[in-house]
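These notes are about the structure you will find just below.
The values are calculated or read from the model by the stated rules, or taken from the named source; none is laboratory data. The shown structure was predicted, so the numbers you read here are calculated from the model rather than taken from an experiment. Positions of Cβ are generated from backbone atoms using ideal geometry, with glycine treated the same way; all protein chains shown enter the neighbour counts. Side chains are part of the model used for accessible areas, which takes the heavy atoms of the whole protein and leaves out ligands, DNA and RNA. Shrake-Rupley method; radii C 1.70, N 1.55, O 1.52, S 1.80 Å.
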Amino acid sequence: MLTGSPQLVRNVFSATVSQSRFTHARLFSTPSARMKQRLVILGSGWGGYEVLRGVDKKRWDVTVISPTSHFAFTPFLAGCAVGTLEFRCAMEPVRKYGREITAYQAWCDSIDFGKRQLTCTTTAPSDTPVPPTSQSDSAITKPSSFTVKYDKLVISVGAYSQTFGIPGVKEHAVFLKGVSDARVIRSRIIECFEQASQPTLTDIQRRKLLNFCIVGGGPTGVEFAAELHDLLRTEIPTHYPALSKLARITLYDVAPHILGSFDENLVKYAEGRFAREGITLRNQHHVEKVEKGSMIVKEQGKVDFGLLVWSTGLAPNPFIESLDGVMKDPKTQSVLTDEHLNILNEDGSPNPSVWAIGDAAVIKGNVLPATAQVAGQKARYVTKKLNKIIRDKPSPSEFVFRNMGSLAYLGNWRAIYDRSQATDSGPKRSESGRIAWLLWRSAYITMTLSWRNKILVPFYWFMNWAFGRDLSRF
Ligand SMILES: Cc1cc2nc3c(=O)[nH]c(=O)nc-3n(C[C@H](O)[C@H](O)[C@H](O)COP(=O)(O)OP(=O)(O)OC[C@H]3O[C@@H](n4cnc5c(N)ncnc54)[C@H](O)[C@@H]3O)c2cc1C
């Protein structure tokens with residue numbers, strides 16, 4: 001029997017619930033759920049979310065651990081950042097599967113492969129202090145940490161943005177990796193125009209604020225430049241007529257050309273289009289330092305900007321870097337897997353209970369691009385495997401990547417499509433201009449994951465074409 005003040009009773013009660021939530025994570029599950037094998041998915045991106053969608057949730061006891069509550073449809077982020085699409089169009093909630101799965105909004109910090117146990121730190125702010133636990137209770141190691149056991153594990157934690165250690169990038173540039181980044185960028189663009197409209201500023205100050213710089217000439221940097229250019233060409237002259245002529249877009253890259261992974265003729269087409277549209281390309285330029293509102297470029301000196309978007313490729317996820325006992329790719333520090341996507345132990349043997357997919361993983365001897373296409377195909381392969389395993393059926397043979405081609409939007413209803421370098425037996429093809437743009441739009445509409453977004457996305461494309469983008473800041 002509980003005695004003492006109501007406050008104490010409440011604390012004891014909440015502590016019991018909090019502990020049991022983690023020590024017996026299946027407390028609220030049905031008895032049959034407790035008998036199921038535990039599948040834990042790390043990450044809710046292109047890899048993790050696809051596994052979550054496809055895996056047999058009736059037969060597996062599924063837990064998803066991800067610091068974000070949603071999946072981000074990354075190809076739409078550039079459009080969201082300038083208002084071509086609304087943020088909702090690029091999101092799918094993890095908890096829409098809430099009845100069938102357990103989801104923790106948390107970071108996974110470490111994996112004990114021997115004990116098949118993960119240690120995680122919650123990202124959801126807690127109003128209830130969790131009391132210290134006894135030595136024997138390992139479920140809550142510190143107030144915001146907990147452990148989760150697995151029978152099978154899928155690691156799909158993605159990668160971080162590369163900065164090459166250039167000082168000031170993390171503090172003064174914006175990355176474009178998630179929906180929250182797109183939100184920051186959209187807000188900052190409007191802020192720059194609002195600040196530049198103040199009557200107290202000189203034209204020189206205005207030009208500085210309206211210099212939009214992008215570092216990184218890969219598909220993400222190029223697509224953001226293109227989307228931003230669409231905004232400057234269409235709505236800005238109406239909303240800020242006195243300022244639109246002062247705005248500039250400059251794209252920096254250390255390489256001699258942008259879009260290095262695309263066919264040479266498509267690169268020429270893209271560079272020609274950017275030149276015609278007034279987007280300045282500064283190839284073979286090296287950013288040495290970034291400060292608040294300016295950066296030092298080796299070939300140019302000090303360059304002032306209102307917004308700097310940084311997109312120079314991928315850096316390893318620190319969680320993956322910290323993993324012990326597994327083989328890693330010496331160049332990217334990604335986890336190495338075999339052709340069945342099982343991670344490789346230090347001695348080179350595969351771990352049959354753990355798969356790694358997406359940007360955090362590389363197949364030994366078969367490096368594929370870090371794209372949503374690869375992550376999605378690997379996820380579907382692992383899902384198929386898991387659904388066979390749980391039915392005691394023979395699992396599929398090794399993973400084979402099918403190259404569907406690469407697409408990049410170039411602005412003003414034009415794009416490029418490249419399948420010229422595919423090594424499989426399918427048709428080699430490349431397209432540029434409006435046909436490629438139609439391919440771009442239809443491919444991504446097809447790839448959107450929910451009916452809600454299959455309706456929302458064309459709706460916003462149409463609304464914004466018909467009535468213009470909404471430039472309100474909130
Ligand atoms: C702006 C942009 C546009 C892109 N456009 C395209 C495109 O058009 N076509 C294409 O093929 N590819 C595109 N890509 C690349 C594509 O998005 C990635 O290759 C893909 O997201 C990789 O999937 P993933 O599951 O490995 O990682 P992600 O999708 O990045 O997901 C990683 C997940 O893991 C979570 N996570 C991170 N650390 C931890 C941890 N310690 N514990 C638990 N969870 C963790 C993250 O919160 C996230 O939910 C684009 C990327 C960007 C940024």
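Residues considered: ASN464, ASN387, ASN412, ASN453. Of these, the only one that is at pLDDT 95 or above, surrounded by 14 or more Cβ atoms within 10 Å (Cβ to Cβ) and more than 16 Å from the ligand (Cβ to nearest atom) is ASN387. The residues of the range 271-311 that are open to solvent by less than 20 Å² (accessible area, probe 1.4 Å) and in a loop (DSSP other than H, G, I, E, B), listed by number, are PHE305, GLY306. Flag: LEU210 matches the condition of being crowded, with 22+ Cβ neighbours inside 10 Å, out of contact with any Ser or Thr (no Cβ under 8 Å at 6 or more places or on another chain) and more than 30 Å from ALA379 (Cβ to Cβ). Among the residues of the range 75-101, how many are closer than 30 Å to GLN37 by Cα, in contact with a Lys or Arg (Cβ under 9 Å, 6 or more places away or on another chain) and open to solvent by less than 30 Å² (accessible area, probe 1.4 Å)? So the count comes out to 2.
If I filter the range 41-74 down to residues being more than 23 Å from ARG469 (Cβ to Cβ) and hydroxyl-bearing (Ser, Thr, Tyr), which single residue comes out as surrounded by the fewest Cβ atoms within 10 Å (Cβ to Cβ)? The residue in question is SER69.
Among the residues making up the range 51-86, those that are under 24 Å from PHE113 (Cβ atoms) and within 8 Å of the ligand (Cβ to nearest atom) are ILE65, SER66, PRO67. Only one entry of LYS298, LYS292 meets the criterion of being touching a strand residue (DSSP E or B) at 6+ places or on another chain (Cβ under 6 Å) and within 24 Å of ARG207 (Cα to Cα), and that entry is LYS298.
Taking each residue of the range 170-191 that is assigned by TED's automatic domain parsing to the domain that holds HIS70 and looking for partners that are open to solvent by 40 Å² or more (accessible area, probe 1.4 Å) with beta-carbon atoms closer than 8 Å, six or more apart or interchain, yields nothing.
The residues listed here are SER430, SER406; of these, the one that is within 28 Å of GLY218 (Cα to Cα), within 12 Å of the ligand (Cβ to nearest atom) and small (Gly, Ala, Ser) is SER406. Against the numbered list (1) open to solvent by 30 Å² or more (accessible area, probe 1.4 Å); (2) assigned to a strand (DSSP E or B), VAL362 comes up short only at (1). Just one of the listed residues (ASP324, ASP338) is of a type in the set (Asp, Glu) and at pLDDT 95 or above, and it is ASP338. Counting only helices (runs of 4 or more DSSP H) that sit completely within the range 194-252, zero hold 2 or more residues that are more than 25 Å from TYR409 (Cβ to Cβ) and under 29 Å from the mean Cα position of the chain (by Cα). Residues in the range 355-412 that are outside the structural domain of VAL51 (by TED's automatic domain parsing) and under 19 Å from the mean Cα position of the chain (by Cα) were compared, and the one that is farthest from LYS328 (Cα to Cα) is TYR409.
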